[in-house]
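Working notes, beginning with the structure itself.
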Amino acid sequence: MSTVRDATFDVLRRFGLTTIFGNPGSTEVALLTGLPDDLRFVLALHEGSVVGMATGWAIGHRAPALAVLHTAAGLGNAVGAIATARANRVPLVILVGQQDRRHLALEPFLTGRLTGLAGDYPVWVDEPARPQDVPGAVARAYHEAVTFRGPALVVVPMDDWAAPFENETIAAPTRLLRPAAVPDESLAPLVDLLSGARSPAIVAGAGVADTAASGARPSGADTLGADTLGAGTTGAGPTGASGEGTPFADSRGRGAGWSAVVALAERLGCPVWQESFGAMAGFPQDHPQYAGVLPADRTRLRAALAGHDVVLAVGAPVFRQYPFDTGPLVEPGTTVALVTDDPAEAHRSPADLAYLAAPSAVCERLAALVPARPAPVRPAPAAPAPPLAGDGSLATHVQPLTGDGSRAAHVTGDSLRPAYVLHELARRLPVDAVLVEETPSSRPDLHWLVPARNPLGFVSAAMGGLGFGLPAAVGLRMSLPDRPVVAVVGDGSALYGVHALWSAAHYRVGALFVVLANGRYAIMDRLADKAGGKAPWPAFTEVSMSGMARSLGCEARRVDTPEELAAVLDEVVPTLAAREEPLLLDVTVAVDADFQP
């Protein structure tokens, strides 16, 4: 007799969901015990790490990942990570266990009120009416996750898995096509706008990188005409039985999205800004037309875009802000256009002209349709955006660079400066390195000193919540075992996802974790200073990240001096592509006195 469990496994195989990230409870035993050999279970020690690792896996594969959570406790623990996956537009299929259907009315122990627990962050939630509806719900969750770029949840009572499944209809398509071509005539208003612009500029965001490098193309999902995260690319290589294919791009790891925006920028001869607080880099940051990260408040935003009569946002909102500021987003007379495949982003953006379409497809055609400009703009190397001074004017932010690009001082007091650590890392990173960032107080320096040279050269949590960096790096390295993967995280950030180090060690995930340890929440301390009061939270200098890592089975080294830093980076970075063991560097750093959030 075929069961609901058997039918669901067939659905998972069809869509390439053969790696299961989870932290099991009793409501998942019936699903997970005795897994077939072609399904792999990956254990994480906390549900935030479960979803974070699945998110990294999905980013690396450009295809949905599968996570299993344990009723209300597991789903509740994972909500922050689910919110990050939604903000990063990463497709996930999440199965949530529930108590036995036969006595749910009595609310037995472990019953979960699950449909609203994650709020609006899932793109779709279903509680199948019958056990026999579960396989179709899982198939639909895959399609919902891909179409709406986020986590889709299916709640499954524990007894459903053993229910018979004979001659049932699966309520989801076997194959779903998503044509992505854009007719030239539809682009005519944007072509006219760009062709007539005196001084155009582009703001590129994670929506470009989403379409940059294809990965798996499981048999149940295809895209025509453009890459789509989770749906593959026309012409993708063959996939194996699991549906997990090989990502393809050029020799630097650049795919269709980046190539199309580069072609358009070079055609227009215009500067290209990176969106603020983006999930991934939308443009090669070593390109001569790269202008830096767009400021996240209106005063500096207007200053950055002043002089441009047309600004085209591609795969980015118009425009992401952080502190509230008064005034318009752009100077009067500046026309803003938007190209995005995110309906919500299109609907809320105050643009004069918006296209809801695949950025790579639109930019590819625009590059062919707009006239070339003879003299491309060469922006000066971008430094971190200067903060506002008390009077609202622009203030100086960073100390001058020395001739080799490092900060004038290696150390402050007895500790290394974060910028020096980042500079030394950047000097050694290969062009195809995957870099995961979660170091809020050092992010401006990281943007400045460690340019993203491939679409995964900068990966971050667009939601802003901590706990993404370590588990995402583990999932990325598991999905891209031949790529160097480095996570640069603060110690405060690392503590939210430290459980992932056990998974990295157990599954021999050869990622490098660089922890910039200042023993405090530096960004919160500075915000308290700016608010004019004393922070009530203490420092946590007693915490040893290297000690915690070792307790979880992950090799760790303490780094206190420039000599120790150079030695370990020279030893480890060249081995990252082939490395089979994780390593955490616990780097003691000073708090930068000139840092401004």
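The values are calculated or read from the model by the stated rules, or taken from the named source; none is laboratory data. Every value quoted in this text rests on a predicted model; they were computed, and no experiment measured them. Glycine gets a Cβ as well: all are built from the backbone with ideal geometry, and neighbour counts include every protein chain shown. Ligands, DNA and RNA are stripped out before the accessible areas are found, and what is left, the full protein with its side chains, is counted by its heavy atoms. Shrake-Rupley method; radii C 1.70, N 1.55, O 1.52, S 1.80 Å.
Condition check for residue 220 on (1) surrounded by 20 or more Cβ atoms within 10 Å (Cβ to Cβ); (2) more than 23 Å from the chain's Cα centre (by Cα); (3) at pLDDT 90 or above: one failure, at (3).
From the list 307, 282, 292, 315, the lone residue that is out of contact with any strand residue (DSSP E or B) (no Cβ under 8 Å at 6 or more places or on another chain) and of a type outside the set (A, V, I, L, M) is 307. Assessment of segment 532-544 against the conditions (in contact with a Pro (Cβ under 9 Å, 6 or more places away or on another chain), in contact (Cβ under 8 Å) with a residue 40 or more places away in the chain and polar (S, T, N, Q)) yields no matching residue.
Does residue 127 satisfy the criteria of being of a type in the set (Asp, Glu), farther than 24 Å from residue 511 by Cβ and either free of Cβ contacts under 8 Å to residues at least 60 places away in the same chain or crowded, with 24+ Cβ neighbours inside 10 Å (or both)? Judged against the criteria, residue 127 is a match.
Here is the figure for segment 261-285: residues that are open to solvent by 20 Å² or more (accessible area, probe 1.4 Å) and either without any contact (Cβ under 8 Å) to a residue 40 or more places away in the chain or out of contact with any Gly (no Cβ under 9 Å at 6 or more places or on another chain) (or both) total 4.
When 192, 210, 227 are screened for being of a type in the set (Asp, Glu) and at pLDDT 95 or above, only 192 passes.
Got at least one residue in segment 90-100 being out of contact with any Gly (no Cβ under 9 Å at 6 or more places or on another chain) and surrounded by fewer than 17 Cβ atoms within 10 Å (Cβ to Cβ)? Yes, segment 90-100 has at least one match. Answer yes or no as to whether residue 75 is at negative phi, among the hydrophobic types (A, V, I, L, M, F, W, C) and open to solvent by less than 10 Å² (accessible area, probe 1.4 Å). Answer is yes for this residue. Being of a type in the set (D, E, K, R) and more than 20 Å from the chain's Cα centre (by Cα) is the filter; apply it to segment 12-61 and report the residue that is nearest to residue 155 (Cα to Cα). Among them, the one singled out is 28. Residue 120 meets all of the listed conditions (1) under 22 Å from residue 86 (Cα atoms); (2) without any contact (Cβ under 8 Å) to a residue 12 or more places away in the chain; (3) outside any loop (DSSP other than H, G, I, E, B) but one, namely (3). When you look at residue 81, is it out of contact with any Phe, Trp or Tyr (no Cβ under 6 Å at 6 or more places or on another chain), closer than 30 Å to residue 315 by Cα, free of Cβ contacts under 8 Å to residues at least 60 places away in the same chain and buried (at least 19 other Cβ atoms within 10 Å of the Cβ), yes or no? The answer is no for residue 81. If you go through segment 299-313 one residue at a time, how many are open to solvent by 10 Å² or more (accessible area, probe 1.4 Å) and either among the acidic types (Asp, Glu) or part of a helix (DSSP H, G or I) (or both)? Of the residues in that region, 6 qualify.
On the given criteria, is residue 489 open to solvent by less than 20 Å² (accessible area, probe 1.4 Å) and closer than 18 Å to residue 277 by Cα? So residue 489 passes the test.
What residue, among those in segment 13-37 that are of a type in the set (Ser, Thr, Tyr) and over 18 Å from residue 62 (Cβ atoms), is surrounded by the fewest Cβ atoms within 10 Å (Cβ to Cβ)? Per the criteria, the residue is 33.
Against the conditions (1) open to solvent by 40 Å² or more (accessible area, probe 1.4 Å); (2) in a strand (DSSP E or B), residue 355 satisfies every one except (1).
Can we say residue 577 is closer than 22 Å to residue 471 by Cβ, modelled with pLDDT of 95 or more and open to solvent by 30 Å² or more (accessible area, probe 1.4 Å)? Taking the combined requirement at face value, the residue satisfies it.
Among residues that are crowded, with 22+ Cβ neighbours inside 10 Å and either part of a loop (DSSP other than H, G, I, E, B) or modelled with pLDDT under 65 (or both), residue 385 is included. The residues on offer are 278, 327, and the sole one that is on the phi > 0 side of the Ramachandran plot and modelled with pLDDT under 95 is 327.
Among the residues of segment 539-555, those identified as under 17 Å from residue 519 (Cα atoms) and surrounded by 19 or more Cβ atoms within 10 Å (Cβ to Cβ) are 545, 546, 548, 549.
Of the residues screened, residue 125 is one that is part of a strand (DSSP E or B) and either modelled with pLDDT of 95 or more or more than 23 Å from residue 64 (Cα to Cα) (or both).
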